[in-house]
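The values are calculated or read from the model by the stated rules, or taken from the named source; none is laboratory data. Nothing here was measured: the structure is a model prediction, and the numbers come from that model. Glycine also receives a Cβ, built like all others from the backbone with ideal geometry; neighbour counts cover every protein chain displayed. Accessible surface is based on the protein model in full, side chains and every heavy atom, while ligands, DNA and RNA are left aside. Shrake-Rupley method; radii C 1.70, N 1.55, O 1.52, S 1.80 Å.
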Amino acid sequence: MAFAPLDPVLHNQLRLAIVSLLVGLESADFNFLLEKTGATRGNLSVQITKLKDAGYVQVKKTFKDNYPNTRCSLSAKGVKAFETYVQALKGYLEP
Amino acid sequence: MERELTPSESLKLIETMIGQAKQSFSRNSFYFLLWGVLLIVAMTVNYYFAAHSDPRGSWAWAVVGIGGGIASWIYGAREGKRQLSRTAMDRLMQWIWAGYLATLFTMMIGGSASGNGMSVGSIIVLTGLPTFITGQLLRFKPLAFGGILFWVLGTVSFFMGMQAQALLYIAAMLFGYLIPGYLLKCQEDGLRTA
C-alpha cells in the first residue's frame with residue numbers, strides 16, 4: 001500500500017498546532033495561539049507567516065486598546081489542506 | 001517545536017489542540033441573570049400599578065429596556081476584549097438574539113399601530129425561540145427546558161386574563177431565564193477554575 005505524502009506545510013509541530021486550534025474556531029487572537037501552543041512570540045509569528053504565505057491562514061491586523069492586535073482564521077484552502085492531511089495521516093496509522 | 005513528527009504524534013497533537021480550542025468559551029449567563037431580574041421587576045411594578053389602575057407602570061418597561069440595554073452593551077464590549085478566540089457558535093448566538101430583538105420590536109410597533117398591542121403570551125412564546133436554540137447550542141439542558149417552558153406558559157397565557165398573564169410572565173422569567181442563568185453561571189465558574 002502506498003502512503004500518501006504528508007503536506008510539508010502542515011507536517012510541522014507548531015504549524016499543525018496552529019491549524020488544529022483554528023479549525024474549531026472562527027478566529028483567534030495571536031495571544032490565544034501563544035498561550036495554547038506555548039511557543040515563543042518570534043517562532044509563532046514566523047510559522048503564522050508561513051501558513052499565510054501558503055494561503056492556509058488569513059491574518060487580520062488591527063488595534064486593540066491602542067496596541068497592535070493580530071487575528072488569525074483558517075481559510076477554505078487551509079480547511080481543505082487540513083482534511084487532506086488528516087486523511088493521509090490515517091493511511092499511516094491504519095493497520 | 002521544530003523536530004519531525006511521527007504520524008501518531010501528529011494525531012495526538014491535533015486531538016490536544018482541538019481539545020484546547022474547545023475549552024475557550026464565552027460567558028452567557030450574565031445576560032440571562034440580568035434580564036431575568038430586570039424583566040421580573042418590570043412586570044411586578046407594572047402589575048402593581050395596573051392593580052391600582054395607575055398607568056405609570058408602563059414606565060418600568062422603558063427604564064428596564066434602556067438600563068438593561070446599556071448594561072448588556074458595556075458587558076458585551078468588555079467580554080469581547082477579554083475573549084481571545086471566537087467560534088462560529090458565538091456569532092450564531094449573537095445574531096439569533098439580535099434577530100429576536102428586531103422581531104420583538106417590529107411586532108410591538110405593529111401591535112401599537114393596529115391599536116391591539118402585543119399580547120404577553122406572544123412575547124413569552126417569541127422569547128422561547130432564542131432561549132431554546134441557545135440552550136441547544138450550548139448543550140445546556142436547563143436553558144433548553146426554559147425555552148420549552150416559555151412556549152408552554154405563553155400558550156397557556158393566551159387563554160388567561162391580564163393578571164394571570166402577568167403572573168405567567170414572571171414565572172416564565174423565573175424558571176426560563178433566572179434559574180437556568182444561575183445554573184449556567186455555576187457551570188461557567190466551574191469551567192473557569194478547572
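Structural remarks
- Among the residues of segment B:1-20, the ones that are surrounded by fewer than 14 Cβ atoms within 10 Å (Cβ to Cβ) and at pLDDT below 85 come to 4 in all.
- Test: residue in segment B:91-107 that is of a type in the set (A, V, I, L, M, F, W, C), at pLDDT below 85 and closer than 30 Å to residue A:70 by Cα: no
- Test result for residue B:42, among the aliphatic types (A, V, I, L, M), open to solvent by less than 30 Å² (accessible area, probe 1.4 Å) and over 23 Å from residue A:71 (Cα atoms): yes
- Which numbered condition residue B:80 misses (of (1) open to solvent by less than 70 Å² (accessible area, probe 1.4 Å); (2) modelled with pLDDT of 90 or more): (2)
- Filtered residue count, segment B:132-175, keeping only those that are farther than 21 Å from residue B:49 by Cα and not in a helix (DSSP H, G or I): 5
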